[in-house]
Amino acid sequence: MHRHVFGGDDDARDAGGGADRVQHALRRGIDDGRIGRFRQRPQVVEQRQAVQHLPAAAEGDAAEQRRPGLPHRGDLGGGITAGRVEHHDATGEAVEERDHHEEGTVRLAEHDGKTLLRRHGLATPAGTLITAPPGAAAGILKAQVLAGGRGKRGLVRKVAVGEAPAAAAAMRDILGDAAAPLLLEEAVSMAREVYLALRIDGTAQGIELLCAPEGGVEVEDATVLLRGPLEPEAPGALEDAYAILQPGFPAELAARLARLAVRLARVMRAEDLDLLEINPLAVLSNGRLLACDVKAVRDDSAGFRHAAPALSAALEDAALTPLERRARDQGFQLVELEGGTVAMITAGAGLGMLMLDLLADAGCPAACFMDNANGGPTETMPERLALAFEVAARPEVKAVMFFTTLASRGLKSRVEALAAALRANPPRKPFFAGIAAGHAALRGYSMAEAAATLAEVGVAALHDNPHALVQAVAAAAVR
């Protein structure tokens, strides 16, 4: 199948590229009528005829079907940064890429994303990961970082022979890392650029195909977004993909892209990806398709099924602060936030996001975010408090806030764990506590008893309402 979608067997070569936030801006265009929206399922017979006019896809490339859809923590994307100069064009200069970050996911570096595609037989530009670029090198030099916006920061550059060493030194100076990894790859001349992505649609609980017929530069200004659900193992998957894509392309190219989309959807499922995005997908003058820039985001709950790519893991670790690294090693997540005035302790990402919003609305933004991957076991209470108190040691942080919810877990065990931790490590800033408990959590132990227990260690009040808790915190933190 690869020789019909990506070209010949020699297409599976080394190298890379990525993209990001197209979805929300395009959706806004759909909502206000600026962008035409195409759905699937016109005449299946016509679809099948158009697809089958091209050579048939190869057999045996179906990936293992893990599940029909993955629960997702929210829409991927969210606005688009200004378009970039296409860095694979021989005439290109500065390059701009879109930022990306998703909580609860594992981001792959560009090099690792392209390695993943090549492992499944798909083609990318030839390239190599380097530490010291040779003076004779020419092509596209790209810093390997997980954060977006590389082009704006001067971290992607087209280099002629003799320019690579100086460009590499300048990029590493920007990063403040003399050993930062770099990807050097060939420049590619494109006849056409396409944006092609697959994502998990959390509402529909399945894979959604997104395609803009004009990718690369100014993709957020595209006037057409082709989109629709795609189940890669369904009997009519190829026809479904073609129906989505046909309104934006000539029949032969739409069929070629449809075969690629089905293959990518299988890759997405096999690799437990929340997002697989290619921008630009290059259409070469000979008709071949080449993935020039790849963004891959993996569902972190599937990490046990996949070995962490070494480069992505190293970059992820390097991006952590010392406190964040300690929290990870102790079994929970801590994210330090700049400009916050309240050290926040919660268990659960959804609850944490709620409290972040409430604190921000009250004028006392959080200085940290916590998520206990194990559901908030009592054995991590001392560690979470200790790290929160370290955050609270900053002069701009005025208070510490603890809030959790309990349904089946006993209130008594949680309160006693909190009290013991506070007794062993008393806070040096005002400490506010809240617990919303109900059902079995209150069996044999009331909120009044919980408040009395915490009062013994200096907690003035125990709130059962998050709004009341935030109001109390704001009174101390907002000056």
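Which ones in region 120-137 are under 15 Å from Ala169 (Cα atoms) and either touching a Gly at 6+ places or on another chain (Cβ under 8 Å) or buried (at least 18 other Cβ atoms within 10 Å of the Cβ) (or both)?
Pro133, Gly135, Ala137
Against the condition in a loop (DSSP other than H, G, I, E, B), in the same structural domain as Pro427 (by TED's automatic domain parsing) and within 30 Å of Ala468 (Cα to Cα), how does Ala347 come out, does it pass?
The answer is yes for Ala347.
Within region 426-444, track down each residue that is without any contact (Cβ under 8 Å) to a residue 60 or more places away in the chain, within 21 Å of Pro382 (Cβ to Cβ) and either surrounded by 13 or more Cβ atoms within 10 Å (Cβ to Cβ) or under 36 Å from the mean Cα position of the chain (by Cα) (or both). Answer for region 426-444, where residues must be without any contact (Cβ under 8 Å) to a residue 60 or more places away in the chain, within 21 Å of Pro382 (Cβ to Cβ) and either surrounded by 13 or more Cβ atoms within 10 Å (Cβ to Cβ) or under 36 Å from the mean Cα position of the chain (by Cα) (or both): Pro427, Pro430, Phe431, Phe432, Ala433, Gly434, Ile435. If I filter region 307-319 for residues that are touching a strand residue (DSSP E or B) at 6+ places or on another chain (Cβ under 6 Å), farther than 28 Å from Tyr195 by Cα and acidic (Asp, Glu), do I get at least one hit? No.
Which is of a type in the set (A, V, I, L, M, F, W, C), out of contact with any Leu (no Cβ under 7 Å at 6 or more places or on another chain), touching a residue at least 60 places away in the same chain (Cβ under 8 Å) and in a helix (DSSP H, G or I), of Ala243, Ala254, Ala187, Ala261?
Within the list Ala243, Ala254, Ala187, Ala261, the selection yields Ala243.
Checked against the criteria, Thr346 does not count as over 20 Å from Ala437 (Cβ atoms), in contact with a helix residue (DSSP H, G or I) (Cβ under 7 Å, 6 or more places away or on another chain) and surrounded by 21 or more Cβ atoms within 10 Å (Cβ to Cβ).
All of (1) surrounded by fewer than 21 Cβ atoms within 10 Å (Cβ to Cβ); (2) closer than 20 Å to Leu311 by Cα; (3) polar (S, T, N, Q) hold for Ser189 with one exception: (2).
For Ser301, indicate whether it is outside the structural domain of Ala366 (by TED's automatic domain parsing), in a helix (DSSP H, G or I), in contact with a helix residue (DSSP H, G or I) (Cβ under 8 Å, 6 or more places away or on another chain) and within 28 Å of Glu383 (Cβ to Cβ). No. Within region 372-390, does at least one residue satisfy the condition of being more than 30 Å from Asp300 (Cβ to Cβ), touching a strand residue (DSSP E or B) at 6+ places or on another chain (Cβ under 8 Å) and assigned by TED's automatic domain parsing to the domain that holds Gly348? No; the residues of region 372-390 include none that is more than 30 Å from Asp300 (Cβ to Cβ), touching a strand residue (DSSP E or B) at 6+ places or on another chain (Cβ under 8 Å) and assigned by TED's automatic domain parsing to the domain that holds Gly348.
The values are calculated or read from the model by the stated rules, or taken from the named source; none is laboratory data. What you see is a predicted model; the values in this text were computed from it and never measured. Glycine gets a Cβ as well: all are built from the backbone with ideal geometry, and neighbour counts include every protein chain shown.
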